[in-house]
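The structure appears below as structure tokens.
All of the numbers you see were taken from the coordinates with simple rules; none came from a lab. Nothing here was measured: the structure is a model prediction, and the numbers come from that model. Cβ coordinates were reconstructed from backbone atoms using ideal geometry, including for glycine residues, and neighbour counts include every protein chain displayed.
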Amino acid sequence: MSESIAALLVLAGAACAFLGSLGLVRLRTFYERVHPPTMGTTLGTALVLCGSIVYFTALQSRPVVHEVLIAILMTVNTPVTYMLLVRAALHRDGHD
Amino acid sequence: MSFVPAVLMSAQVLLALAMLLALARLLAGPRAQDRVLALDTLYVNAMLLVLAFGIREGSALYFDAALVIGVLGFVSTAALAKFLLRGEVIE
């Protein structure tokens, strides 16, 4: 039962990451394209990590929560990198 | 459950397609900041693919690989953005 829940969580996370990458290809300007990948980095990563926690907790029959490390890492990383990147893009476009 | 491997396999196929889309933007993307953004998306998708592969194998070893991919991807994207901003990484 918990294995199927974990598999569905991973599938939902993969779908979010796929939609984010699709938006990266389809949108027109850079400032529009910054938005979709955050769907993969926040919701996609969170859902896949929840699936991993559920699966390994059921598999080893003890609480396994070391996936929280990646969750903390992505929560801290994503805003920092995207703010740096957009600031660099503004600088290159001459909007200082 | 019998449908669990099929669901995990389709999740992996979706993540591989997402990596291909990011690669298309990396090759096409008109300016350097588009390529850096595509590289960032590419490493996040690769990390999720490694995690899904670890779940499918039932081994917790792949978690460490995903963690390393996450840390190195963050450092590389931050360094590239700093390079685009200033023209040098360490000043």
> Under unit Cβ charges (Lys, Arg +1; Asp, Glu -1), what dipole magnitude, rounded to 20 debye, does chain B have relative to its Cα centre?
Replying inline: 220
> How large is ³J(HN,Hα), in whole Hz, for each residue of region A:41-50 in order, when computed from phi with the Karplus curve 6.51 cos²θ - 1.76 cosθ + 1.60 and θ = phi - 60°, using x for Gly and Pro?
Replying inline: 6, 9, 5, x, 4, 4, 5, 5, 5, 4
> Classify region A:2-92: rounded, prolate or oblate, from the alpha-carbon gyration tensor (a ≥ b ≥ c, eigenvalue square roots; a/c under 1.5 rounded; otherwise prolate if a/b is larger than b/c)?
Replying inline: oblate
> What does the helix-only formula give at 222 nm for chain A: each DSSP H stretch with n ≥ 4 adding -39500 (n - 2.57), the total divided by the residues, and the result rounded to the nearest 500 deg cm²/dmol?
Replying inline: -24500 deg cm²/dmol
>> Explain nothing, just compute: Karplus ³J(HN,Hα) = 6.51 cos²θ - 1.76 cosθ + 1.60, θ = phi - 60°, for every residue of region B:75-91 in order, whole Hz, x for Gly and Pro.
In response: 5, 5, 5, 5, 5, 5, 5, 5, 5, 5, 6, 10, x, 8, 7, 10, 10
> With each label point set 7 Å from Cα along the Cα-Cβ vector, what nm distance links B:A28 and A:H95?
Replying inline: 2.3
> Rounded if a/c is under 1.5, else prolate if a/b is larger than b/c, else oblate: which is chain B, with a ≥ b ≥ c the root eigenvalues of its Cα gyration tensor?
Replying inline: oblate
>> Taking the Cα centroid of region A:53-78 and of region A:1-47, what is the distance between the two, rounded to the nearest whole Å?
In response: 18
> Dividing the Cα radius of gyration by the Kirkwood radius, what Rg/Rh value follows for the protein assembly as shown?
Replying inline: 1.02
